[in-house]
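Quick notes on the structure that follows.
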Amino acid sequence: MQISGSIALVSGANRGLGRAFATQLLERGATKVYAAARRPETIDIPGVVPLQLDITDPDSIAAAAATANDITLLINNAGISTGANLISGDLETIRREMDTNFWGTLNMIRAFAPRLAGGAILNVLSALSWFAYDGAGAYGAAKAATWNLTNGVRLELVAQKTLVTGLHLGAADTDMMADYDGPKIAPAAVVKAALDGIEANRLEVVADDWSAHVKASLANDPSQFYPQTVL
Ligand SMILES: NC(=O)c1ccc[n+]([C@@H]2O[C@H](COP(=O)([O-])OP(=O)(O)OC[C@H]3O[C@@H](n4cnc5c(N)ncnc54)[C@H](OP(=O)(O)O)[C@@H]3O)[C@@H](O)[C@H]2O)c1
């Protein structure tokens, strides 16, 4: 899969990582980039094709799929992080995390997969697919579900030769992490790693050391990663 000559759709392309994806795809020679957003009038990237898309709205997905019927690369980037925990959090908010991060991604794949034979899908996941963090319980559960969704759809799409790549990252410098004071990766660096990974036919891209550390910890007993939870 080469970025040059591809026709891509990026969800949530109006800001954050999505904006960086759309920009870099054009820079790397994509023939056409559909920059999809809930409010397409907020797209300000020269050269892209703005497209209305709310990934929680089946009608909006169907309309986008009818318009962008020529794509070879789908970047499932749109996501939300509400800060809701699983027991103390508001149940409707928790459901919204699943509706967007899990169901939204799945519905996008179901709508676009038939056109992506020989093409590629990138799902933007998180280091939080692999660990729980107090204050992001709902987000972590949704990203963990979307991680195994990524593995599951890859199995189903191999017959039509669609590359399905999962992208894991820790903190990147976007609106989503505006309140976080720790080190953050530049969105452009995350996007470069992801697009390089697609071109190398990688099934998974782990964009930073923290994500690699968290992934490695899964081989150990959970008491090592969560010593504070041992009774
Ligand atoms: N930033 C990080 O540290 C980090 C770490 C790990 C993973 N991620 C993941 O990276 C992806 C991009 O996040 P970001 O950091 O760029 O966040 P962001 O700056 O908050 O941007 C989120 C984007 O998703 C869009 N979006 C949300 N709900 C949508 C919906 N229902 N339909 C269509 N678009 C929707 C937003 O559109 P509006 O402008 O309309 O709200 C916005 O364009 C997400 O999947 C996130 O979970 C981020």
Cβ-Cβ cut-off under 13 Å around Pro58, Lys and Arg +1, Asp and Glu -1: the net charge is -3
For region 135-201 versus region 85-104, the gap between their alpha-carbon centres in whole angstrom: 18
Points 7 angstrom from Cα along the Cβ direction at Leu203 and Ala159: gap in nanometres? 1.9
Find the centroid of the Cα atoms in region 210-230 and in region 43-61, then give the distance between the two in whole Å. 38
Given region 7-229, what count of lysine pairs have C-alpha atoms under 25 Å apart, with each pair 8 or more places apart or on different chains? 10
Give me the angle, in degrees from 0 to 90, between the Cα long axis of helix 137-157 and the longest principal axis of the Cα atoms of the chain, rounded to the nearest 10. 50
Can you give the Kirkwood hydrodynamic radius of region 1-137 from its Cα pairs, in Å with one decimal? 15.4
Relative to the compact-globule estimate 2.2 N^0.38 Å (N residues), the Cα gyration radius of the chain stands at a ratio of 0.98
Beta carbons within 10 angstrom, averaged per residue: use that to sort the peptides 161-170, 145-154, 80-89, highest first. 161-170, 145-154, 80-89
Just reorder Arg96, Arg38 by solvent-accessible area, largest first, 1.4 Å probe, all chains present. Arg38, Arg96
Carbon plus sulfur, as percent of the 1.4 Å-probe accessible area of region 7-229, comes to 54
Can you tell me what share of the DSSP beta bridges in region 1-113 is antiparallel? A percent to the nearest 5 is fine. 0
Using only DSSP helix segments of four residues or longer, with each worth -39500 (n - 2.57), what per-residue ellipticity at 222 nm results for the chain after dividing by its residue count and rounding to 500? -11000 deg cm²/dmol
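The values are calculated or read from the model by the stated rules, or taken from the named source; none is laboratory data. The structure displayed is predicted, hence computed values, not measured ones. Positions of Cβ are generated from backbone atoms using ideal geometry, with glycine treated the same way; all protein chains shown enter the neighbour counts. SASA here: full protein model, heavy atoms, side chains in, ligands and nucleic acids out. Shrake-Rupley method; radii C 1.70, N 1.55, O 1.52, S 1.80 Å.
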